[in-house]
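Engineer: Can you read through this structure? Questions will come right after.
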Amino acid sequence: MGDVEKTLLEETAAWVDEARAKTERTKKPWGVWIDAELGLRNHWYPAALSRDVEDGGFQGITLLGEDILLARQGGRLFALEDRCPHRGVRFSARPLCYTPETLTCWYHTLTFNLDDGELRTILNEPDSPLIGKLRIKSYPLEERKGIVFVFVGDVAAPPLEHDVAPGLLDDDAVVYCADPYVIEANWRLACENGYDPGHQFIHNWSPFSVKNGIPMSFGWVSNQESVLRTTHYVDDDDGPKGFTRKAAETNIVQEARIPMRDGSVVDVTLPAAEGKTPEELREIAEYAHSCEVGLWMPCMLKVEPWPAEPCIHFEAYVPRDEGSHTYFQFGVMKTRDTAEADAWMNGRAREEWEIPTVEDFTIDDAFARKELQKFYGEEDGWLRERLYRPDIELTMWRKFVTKHARGVQTRDHARGYFPR
Ligand code: FES
Ligand code: FE
């Protein structure tokens with residue numbers, strides 16, 4: 001491991017210790033993360049699935065607090081500010097395209113170019129001096145692997161690949177997309193939950209674990225040396241930025257006890273561990289050790305393999321507003337064989353990935369994120385949280401983002417105060 005990881009680890013570890021000892025509020029060294037309630041500006045995000053915007057169709061979405069209209073006309077997809085500059089109504093409330101080149105506001109007929117957002121004409125005042133002077137924001141957009149990616153920001157958009165976990169866009173990646181859904185929790189809580197080594201405990205109650213009789217441990221605990229050995233930090237200028245970690249050297253806790261007041265102890269077992277031999281438990285732990293988990297800027301998690309070879313699981317926690325994010329999940333198989341790719345898209349992905357993962361596993365992550373929201377959203381949780389050792393990896397992520405974010409989204413951006 002390099003010096004960068006070592007420095008990150010030491011600095012953040014010191015903060016965890018200090019946070020445990022202090023009660024007064026202090027400025028934490030991950031300021032950008034604390035400020036990024038609405039997301040990181042100047043990044044690409046998954047915004048919708050291609051299949052949900054048919055030709056001639058529309059979808060109104062909210063990304064980082066900004067209302068955006070997706071419109072597919074004449075076979076081309078556009079992403080436009082969903083706010084009429086005349087009196088502010090959302091076009092998506094009653095979307096109207098008289099031509100494949102234009103969007104007309106349903107209220108007083110201001111009509112804009114779909115491609116660059118400029119005011120083309122006003123149907124009831126075609127000689128208006130506003131024509132050519134007014135415009136709505138047109139967002140950079142790319143459609144890849146059935147996913148619509150939108151860039152939210154003011155700078156020239158970098159290549160999409162810089163903001164996507166490695167592998168998802170590869171030529172040989174066959175991407176099966178689950179239906180995205182909204183979760184009432186801030187996007188940062190979702191990033192942290194996905195990577196959190198201590199959170200595995202919640203999955204003991206996931207249908208996947210129960211149905212298959214797989215105990216999911218009390219959580220992983222790493223010591224600092226093993227974090228250094230197993231964490232790989234990627235921050236090349238010309239590519240995606242993120243962390244990966246193998247569970248290989250973590251201590252997967254499968255036995256625990258609670259000390260009683262009288263000095264005795266009560267052994268606690270995981271529901272699915274009952275009746276399993278130590279040998280069987282070791283095999284399960286080895287299986288868990290084989291996964292590599294990575295968190296990638298701005299908001300994507302990759303688990304490889306998951307739930308088993310040959311599947312790679314990707315998920316994205318896309319900021320929607322202060323109190324919610326849109327949860328995207330993708331099940332990926334790498335192959336160049338078209339028959340195999342067809343089989344993946346038309347049955348295998350559903351059986352081998354979507355049912356065990358989307359329906360039977362990550363619902364517990366969604367549950368946990370929602371439970372975090374009140375404390376972090378309303379009760380100063382970012383300042384009041386009392387971290388413990390396994391949180392070091394989360395604080396490394398917070399510092400990493402603080403260093404590499406291209407910008408922070410503000411409420412003013414969400415209100416439309418940005419260049420067009
Ligand atoms: Fe859109 Fe008046 S509000 S034209
Ligand atoms: Fe999880």
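The values are calculated or read from the model by the stated rules, or taken from the named source; none is laboratory data. Note that the structure is a prediction, hence the values are computed from the model and not measured. Reconstructed Cβ throughout: ideal geometry from the backbone, glycine too, with neighbour counts over all protein chains shown.
Every residue, every condition in (1) crowded, with 20+ Cβ neighbours inside 10 Å; (2) closer than 16 Å to TRP33 by Cα, yes or no:
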{"site": "VAL332", "(1), (2)": "yes, no"}
{"site": "THR338", "(1), (2)": "no, no"}
{"site": "GLY381", "(1), (2)": "no, yes"}
{"site": "TRP397", "(1), (2)": "yes, yes"}
{"site": "GLN409", "(1), (2)": "yes, yes"}
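Engineer: Condition first: surrounded by 15 or more Cβ atoms within 10 Å (Cβ to Cβ) and free of Cβ contacts under 8 Å to residues at least 24 places away in the same chain. Can you find one or more residues in the stretch 354-374 that meet it?
Structural biologist: yes
Engineer: Identify all residues within the stretch 305-321 that are free of Cβ contacts under 8 Å to residues at least 24 places away in the same chain and touching a strand residue (DSSP E or B) at 6+ places or on another chain (Cβ under 8 Å); write none if there are none.
Structural biologist: PRO305
Engineer: Only one of these conditions is not met by ILE258: (1) outside any loop (DSSP other than H, G, I, E, B); (2) touching a helix residue (DSSP H, G or I) at 6+ places or on another chain (Cβ under 9 Å). Which number is it?
Structural biologist: The single condition ILE258 does not satisfy is (2).
Engineer: So for the stretch 342-351 (the condition being touching a strand residue (DSSP E or B) at 6+ places or on another chain (Cβ under 8 Å) and within 16 Å of ligand 1 (Cβ to nearest atom)), does at least one residue qualify?
Structural biologist: No; the residues of the stretch 342-351 include none that is touching a strand residue (DSSP E or B) at 6+ places or on another chain (Cβ under 8 Å) and within 16 Å of ligand 1 (Cβ to nearest atom).
Engineer: Out of the residues in the stretch 79-106 meeting the condition of being of a type in the set (Phe, Trp, Tyr) and more than 20 Å from PRO140 (Cα to Cα), tell me which one is farthest from ligand 2 (Cβ to nearest atom).
Structural biologist: Once the filter is applied, the top-ranked residue is TYR98.
Engineer: Show the residue pairs that are 6+ apart or on different chains and have beta-carbon atoms under 6 Å apart, the first residue being within the stretch 50-74 and on the phi < 0 side of the Ramachandran plot and small (Gly, Ala, Ser), the second being surrounded by fewer than 16 Cβ atoms within 10 Å (Cβ to Cβ) and assigned to a loop (DSSP other than H, G, I, E, B).
Structural biologist: The qualifying pairs are SER50/GLY146.
Engineer: Okay, moving on. Can you name every one of the helices (runs of 4 or more DSSP H) wholly within the stretch 136-231 that holds 1 or more residues which are of a type in the set (Gly, Ala, Ser) and touching a residue at least 40 places away in the same chain (Cβ under 8 Å)?
Structural biologist: Helices (runs of 4 or more DSSP H) meeting the threshold: 187-195, 207-212.
Engineer: Of the conditions (1) touching a Lys or Arg at 6+ places or on another chain (Cβ under 8 Å); (2) in a helix (DSSP H, G or I); (3) charged (D, E, K, R), ARG406 clears all except one; give me its number.
Structural biologist: Every condition holds for ARG406 apart from (2).
Engineer: Same structure, new question: Hey, among the residues in the stretch 102-119 that are in a loop (DSSP other than H, G, I, E, B) and among the hydroxyl-bearing types (Ser, Thr, Tyr), which one's farthest from ligand 1 (Cβ to nearest atom)?
Structural biologist: For the stretch 102-119, the residue satisfying everything is THR109.
Engineer: For the stretch 145-179, give me the residue count where each residue is surrounded by fewer than 18 Cβ atoms within 10 Å (Cβ to Cβ) and either modelled with pLDDT under 95 or among the acidic types (Asp, Glu) (or both).
Structural biologist: Selection size over the stretch 145-179: 6.
Engineer: OK, next. May I ask you to list the residues in the stretch 120-132 that are in a loop (DSSP other than H, G, I, E, B) and at pLDDT 95 or above?
Structural biologist: Hits for the stretch 120-132 are LEU123, ASN124, GLU125, PRO126, ASP127, SER128, PRO129, LEU130, ILE131.
Engineer: Quick check on GLU280: is it within 30 Å of ARG398 (Cα to Cα), more than 16 Å from ligand 2 (Cβ to nearest atom), out of contact with any strand residue (DSSP E or B) (no Cβ under 8 Å at 6 or more places or on another chain) and assigned to a helix (DSSP H, G or I)?
Structural biologist: no
Engineer: Within the stretch 58-74, is there a residue that is over 28 Å from TYR317 (Cα atoms), surrounded by fewer than 16 Cβ atoms within 10 Å (Cβ to Cβ) and within 16 Å of ligand 1 (Cβ to nearest atom)?
Structural biologist: The answer is no, given that none of the residues of the stretch 58-74 is over 28 Å from TYR317 (Cα atoms), surrounded by fewer than 16 Cβ atoms within 10 Å (Cβ to Cβ) and within 16 Å of ligand 1 (Cβ to nearest atom).
Engineer: If you don't mind, another one. So which residues in the stretch 283-337 are part of a loop (DSSP other than H, G, I, E, B), small (Gly, Ala, Ser) and in contact with a Gly (Cβ under 7 Å, 6 or more places away or on another chain), if there are any at all?
Structural biologist: GLY323
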